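Below: one structure, written as structure tokens.
The values are calculated or read from the model by the stated rules, or taken from the named source; none is laboratory data. Only a predicted model underlies this, so the values are computations on that prediction, with no experimental measurement involved. Please note: Cβ atoms are built from the backbone with ideal geometry, for glycine as well, and neighbour counts cover all protein chains shown. Heavy atoms of the whole protein, side chains included, go into the accessibility calculation; ligands, DNA and RNA do not. Shrake-Rupley method; radii C 1.70, N 1.55, O 1.52, S 1.80 Å.
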Amino acid sequence: MSAQMNDSVEFARLLREHGFRATFGRVALLTALQKAKKPVTVEYVVKNLKGKIDQANAYRAVEALEKKGLVRRIDLGHDHAHYELATGKHHHHLVCDSCGKIADVEIAEQKMERAALRAAREFKSIRTHSLEFFGTCQACTV
Ligand SMILES: [Zn+2]
Ligand SMILES: [Zn+2]
Ligand SMILES: [Zn+2]
């Protein structure tokens with residue numbers, strides 16, 4: 001997928017490429033996820049969009065976008081899911097247990113999946129993977 005996705009025209013094109021109608025709500029949602037620059041909750045997006053999309057529609061949209069690989073679901077160990085745009089470079093996250101700071105960690109997708117298949121020889125293929133790291137950031141260590 002192309003790296004530069006910084007306007008609604010690009011998002012509209014991306015949506016249509018993946019079989020969606022480029023509705024105002026979906027474009028606004030993708031734009032909000034891009035602006036957040038970190039994994040955020042659906043509630044955060046809805047609040048951020050100030051009425052451009054309601055909560056029920058936002059949940060439905062995010063799930064549909066996730067199925068098509070435009071949005072990635074991230075488990076930060078809270079009781080609710082976080083989401084981010086999946087159109088950028090594949091990465092994982094390092095999360096501070098104390099302050100919630102999130103840093104991106106790049107590990108090649110193929111490398112991870114090869115390692116997993118080597119470790120579990122009874123598996124033939126991998127659909128997806130999810131991996132986040134949790135610990136304490138520099139600022140919280142002092
Ligand atoms: Zn991320
Ligand atoms: Zn911290
Ligand atoms: Zn990965």
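For a 4.7 Å threshold on C-beta separation, the list of partnerless cysteines in the chain reads CYS99, CYS140.
Legend: residues PHE20, PHE11, PHE123, PHE133, sorted from most to least accessible area (1.4 Å probe; ligands, DNA and RNA excluded), read PHE123, PHE133, PHE20, PHE11. Considering only LYS89, LYS38, LYS111, give the residue with the highest GNM mean-square fluctuation for the chain, with springs between Cα atoms whenever their separation is below 10 Å. Of the options given, LYS111 has the highest mean-square fluctuation. Going down the list LYS47/LYS124; LYS47/LYS89; LYS101/LYS124; LYS68/LYS124; LYS35/LYS124, which pairs span over 31 Å between their C-alpha atoms? Among LYS47/LYS124; LYS47/LYS89; LYS101/LYS124; LYS68/LYS124; LYS35/LYS124, the Cα-Cα distance tops 31 Å for LYS47/LYS124; LYS101/LYS124; LYS35/LYS124. Rounded to the nearest 0.05, what FRET efficiency do GLN55 and GLU17 give with R0 = 25 Å and r taken as the Cβ-Cβ distance? Could you check? Using R0 = 25 Å, I get an efficiency of 0.40.
So what is the calculated 222 nm ellipticity per residue for the chain, using -39500 (n - 2.57) for each DSSP H run with n of 4 or more, over all residues, to the nearest 500 deg cm²/dmol? Intermediate results must be reported in sequence, preceding the final value.
Values: 6 runs with 58 residues, N = 142.
When only DSSP H runs of four or more count, the value is -12000 deg cm²/dmol.
Expressed to the nearest 5 percent, the antiparallel share of DSSP beta bridges inside the chain is 70 percent. ARG26 contributes about 60 Å² of solvent-accessible surface, heavy atoms of the protein only, 1.4 Å probe.
Can you find, among VAL27, PHE133, GLN110, the residue farthest towards the positive end of the dipole of region 1-140? Put +1 on the C-beta of Lys and Arg, -1 on that of Asp and Glu. Going by the Cα projections, it comes out as VAL27.
Compute the accessible area per residue over region 8-85, keeping the other protein chains in place, probe 1.4 Å, unit Å². Spell out each step's value before the answer.
On the way: 4470 Å² over 78 residues.
About 57 Å² of surface per residue is accessible.
Over region 55-142, the Kirkwood radius and the radius of gyration, each from Cα atoms, give a ratio Rg/Rh of 1.02. Computed about its Cα centre, the charge dipole of the chain is approximately 420 debye, with only Lys, Arg, Asp and Glu carrying charge at their Cβ. Taking a ≥ b ≥ c as the square roots of the Cα gyration tensor eigenvalues, region 16-80 comes out oblate, since a/c reaches at least 1.5 and a/b does not exceed b/c. The solvent-accessible area of SER98, taken with every protein chain present and a 1.4 Å probe, is close to 80 Å². GNM on the chain, alpha-carbon springs under 10 angstrom: the most fluctuating residue among ILE126, ILE74, ILE107 is ILE126.
Here THR136 sits with roughly 90 square angstrom of accessible surface, probe radius 1.4 Å.
Between region 23-44 and region 65-117, how far is it from one alpha carbon centroid to the other, in angstrom? Region 23-44 and region 65-117 have Cα centres spaced 16 Å from each other. Label separation (ASP79 vs ALA103): 3.1 nm, computed from points 7 Å beyond Cα along the C-beta direction.
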